[in-house]
Amino acid sequence: MLLTTPDTPARHDADHVPPRAIGFWGGLSANLLNMIGIGPFITIPLALSALAGPMVLLGWVAGALLCLCDGLVWAELGSAIPKSGGPYHYLREAYGRERLGRLFGFLYLWQTLLTAPLSIGAAAVGFTQYLAFLAPGLASWQLTAIAAALCLFNTALLYREVRSVQLLSLLVTAAVVAAVVWIVVSGVLHFDMAIARRFLQAGTDSPHGFWLGFGAVALIAVYDYGGYNNVCMLGGEIRQPRRNIPLAVLCSIPIVAALYLGLNVAILGVLPWQQAAQSKAVVADFMQAIYGHVGSTIAVALIMLASWGSALVVLLGYSRVPYAAAAEGQFFRVFARLHPRGRFPTVSLLFVGAPRRWPACCRWTI
């Protein structure tokens with residue numbers, strides 16, 4: 001029989017579950033990498049186009065407050081049900097493990113199997129879109145192949161014990177956060193009050209009225225803050241989960257909010273807001289205005305690093321959902337298989353990161 005049944009429960013002894021090897025900093029880094037990604041580097045011009053003037057910054061604050069409210073829910077669920085696959089278990093517990101919870105958990109599993117390739121593929125495509133700035137001669141099929149290869153590379157990187165993955169995540173997060181801080185500090189050091197004053201005097205013009213414009217900015221911000229629940233997907237591998245999961249969720253939101261607000265202020269003190277609103281690569285234009293062509297090249301490389309890191313941790317989180325369902329008897333038993341030494345979900349990781357699925361997703365998103 002391919003599927004387990006309620007009469008054949010999954011084993012949960014210490015040798016048949018992943019080790020709790022991820023600490024607070026590892027959980028925080030998994031959130032931060034997922035949240036930063038490529039989002040703000042693309043959406044800042046969209047926010048400036050939706051609402052002019054300083055109220056656009058308040059929209060970013062409103063988005064952070066909304067996410068903080070949602071983060072409280074994730075923090076509570078993550079600490080109460082600290083299991084790998086997070087939302088799968090939350091749905092089962094909320095609606096009854098042997099009643100509607102089985103149905104909703106099963107539906108969440110299949111939703112993940114359908115949407116995970118698109119989410120991971122989109123992050124990889126973001127990487128290749130900025131790569132095209134550095135290598136404009138690359139054809140579309142070459143960019144597709146690079147995006148698919150990136151997903152395969154990430155799968156290989158994650159095919160190791162979770163302690164090593166945590167170290168990798170910490171190193172990449174430190175590099176990404178340091179890069180964003182450097183960009184913000186560069187803007188502060190080259191801040192032009194005359195340019196900033198024109199932004200402050202721009203009023204609150206919006207093509208659809210103030211409140212619709214404000215709502216659009218808040219919605220963009222919520223999208224860019226997304227990912228603070230990634231640590232919940234790894235709940236079964238977090239040390240002291242009742243402490244570390246809520247801390248990772250609730251610390252990641254204000255940290256990223258501060259980085260995004262700093263990024264906005266830095267850009268609006270160097271570039272005229274009208275130019276920033278029309279830019280297709282606003283951070284590259286910003287760095288070029290300060291450091292010339294070399295600056296824009298460095299900025300693009302840093303954005304590519306953030307995109308790659310986001311694709312890495314998104315795959316890490318999603319790979320735990322088929323494992324969780326299989327361990328509960330709702331998916332093929334082979335997906336509950338763990339590596340004999342590293343005790344990480346091997347089949348689940350390889351399936352979610354399967355290279356045969358990425359070319360189609362990458363072509364669709366490119």
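Here are the numbers for the structure shown:
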quantity	calculated
Selection within the range 13-56 - of a type in the set (Ser, Thr, Tyr) and surrounded by fewer than 24 Cβ atoms within 10 Å (Cβ to Cβ)	43, 49
Which listed residue is under 22 Å from residue 19 (Cα atoms), aliphatic (A, V, I, L, M) and surrounded by 24 or more Cβ atoms within 10 Å (Cβ to Cβ), from 299, 324, 306	324
Qualifying residue in the range 63-77 (condition: β-branched (Val, Ile, Thr), touching a His at 6+ places or on another chain (Cβ under 9 Å), surrounded by fewer than 23 Cβ atoms within 10 Å (Cβ to Cβ) and under 26 Å from residue 319 (Cβ atoms))	no
Boolean, residue 144 is among the β-branched types (Val, Ile, Thr) and either closer than 27 Å to residue 76 by Cβ or at pLDDT below 90 (or both)	yes
Residue in the range 58-72 that is modelled with pLDDT under 90 and either at positive phi or assigned to a helix (DSSP H, G or I) (or both) present	no
For residue 126: the one exception among (1) small (Gly, Ala, Ser); (2) modelled with pLDDT of 85 or more; (3) out of contact with any strand residue (DSSP E or B) (no Cβ under 7 Å at 6 or more places or on another chain)	(2)
Near pairs, Cβ below 7 angstrom, 6+ apart or cross-chain, from the range 18-38 (in contact (Cβ under 8 Å) with a residue 12 or more places away in the chain and part of a helix (DSSP H, G or I)) to any residue that is surrounded by fewer than 24 Cβ atoms within 10 Å (Cβ to Cβ) and of a type in the set (S, T, N, Q)	26/166; 29/173; 32/173; 33/173
Check on residue 118, at pLDDT below 90, surrounded by fewer than 20 Cβ atoms within 10 Å (Cβ to Cβ) and either in contact with a helix residue (DSSP H, G or I) (Cβ under 9 Å, 6 or more places away or on another chain) or polar (S, T, N, Q) (or both)	yes
Inter-residue pairs, beta-carbon under 6 Å, first at negative phi and in the range 275-287, second of a type in the set (Gly, Ala, Ser) and not in a helix (DSSP H, G or I), 6+ apart	285/279
Qualifying residue in the range 271-280 (condition: farther than 23 Å from residue 34 by Cα, in a loop (DSSP other than H, G, I, E, B) and not small (Gly, Ala, Ser))	yes
Residue 217 vs. criteria surrounded by fewer than 24 Cβ atoms within 10 Å (Cβ to Cβ), among the β-branched types (Val, Ile, Thr) and not in a loop (DSSP other than H, G, I, E, B)	no
Hits in the range 248-270 (condition: more than 17 Å from residue 37 (Cα to Cα) and β-branched (Val, Ile, Thr))	265, 267, 270
Some residue of the range 180-189 being more than 26 Å from residue 49 (Cα to Cα), under 20 Å from the mean Cα position of the chain (by Cα) and part of a helix (DSSP H, G or I)	no
Residues of the range 98-115 that turn out to be at pLDDT below 90 and under 17 Å from the mean Cα position of the chain (by Cα), as a count	1
Any hit, the range 80-96, residues being of a type in the set (Val, Ile, Thr), touching a residue at least 12 places away in the same chain (Cβ under 8 Å) and in a helix (DSSP H, G or I)	no
Checklist (1) at pLDDT 90 or above; (2) touching an Asp or Glu at 6+ places or on another chain (Cβ under 9 Å); (3) not acidic (Asp, Glu) applied to residue 45, failing item	(2)
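Let's see how each residue does on (1) more than 27 Å from residue 51 (Cβ to Cβ); (2) under 23 Å from the mean Cα position of the chain (by Cα):
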site: 220; (1), (2): no, yes
site: 226; (1), (2): no, yes
site: 235; (1), (2): yes, yes
site: 241; (1), (2): yes, yes
site: 244; (1), (2): yes, yes
site: 255; (1), (2): no, yes
site: 261; (1), (2): no, yes
site: 267; (1), (2): no, yes
site: 286; (1), (2): no, no
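Yes/no per residue for (1) at pLDDT 95 or above; (2) farther than 28 Å from residue 168 by Cβ; (3) among the hydrophobic types (A, V, I, L, M, F, W, C); (4) outside any helix (DSSP H, G or I):
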| position | (1), (2), (3), (4) |
| --- | --- |
| 250 | yes, no, yes, no |
| 259 | yes, no, yes, no |
| 297 | no, no, no, no |
| 300 | no, no, yes, no |
| 306 | no, no, yes, no |
| 312 | no, no, yes, no |
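The values are calculated or read from the model by the stated rules, or taken from the named source; none is laboratory data. In this text the structure is predicted, and so the values were computed from the model without any measurement. As a convention, Cβ positions derive from the backbone with ideal geometry for all residues, glycine included, and neighbour counts pool all protein chains shown.
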